[in-house]
Amino acid sequence: TVRGEFPALCSARFVELKRSPCSAVSAVEYWNGENFDTLTADTDYFIRRAAGYWRVYFQSYQSAFHQNEIAYPIRVTFSAGYENAAAIPDAFKTAIAQTVAQLYDSRGDCEECGQSCPNGSKLPGIARATISHLRVDRIFA
């Protein structure tokens with residue numbers, strides 16, 4: 001379960017959940033000036049998948065969403081991730097195997113300097129390339 005905190009809405013009437021895959025939204029709240037109020041699904045907001053991510057669209061364009069009393073007046077609590085091992089993309093499984101093979105082959109030595117160093121803990125280049133198409137650049141909008 002993840003809680004995303006979002007800035008006030010500008011021209012868009014939605015916030016985008018930049019975690020994938022999403023499986024459920026359990027709460028949407030907004031700052032009313034004193035505390036967070038919980039919004040009701042289907043009445044106050046609805047969920048749609050767009051551009052590979054889930055978006056929470058707001059039914060009414062409430063002025064409370066534009067106030068800058070606090071930096072992040074909108075909170076969304078949602079579930080994200082893979083439910084079981086079979087749902088994990090093959091690219092992730094391959095990257096894990098590539099990382100283990102690289103760590104075994106180099107025994108922790110750094111590819112750059114040939115000695116043990118902090119760079120030896122980075123994801124190997126071949127594994128990064130394998131999963132680069134699955135990377136999420138920004139987590140929250």
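The values are calculated or read from the model by the stated rules, or taken from the named source; none is laboratory data. Predicted, not measured: the structure shown is a model, and the values here were computed from it. No Cβ is skipped: glycine too gets one built from the backbone with ideal geometry, and neighbour counts run over all protein chains shown. Accessible surface is based on the protein model in full, side chains and every heavy atom, while ligands, DNA and RNA are left aside. Shrake-Rupley method; radii C 1.70, N 1.55, O 1.52, S 1.80 Å.
Counting only residues that are outside any helix (DSSP H, G or I) and open to solvent by 40 Å² or more (accessible area, probe 1.4 Å), which one in the range 120-135 is modelled with the highest pLDDT? The extreme case among them is Leu123. Out of the range 68-102, which residues are under 20 Å from Val2 (Cβ atoms) and open to solvent by 70 Å² or more (accessible area, probe 1.4 Å)? Listed by number, the residues that qualify are Ala71, Tyr72, Tyr82, Glu83, Asn84. Here is the figure for the range 44-93: residues that are in contact with a Pro (Cβ under 8 Å, 6 or more places away or on another chain) and modelled with pLDDT under 80 total 5.
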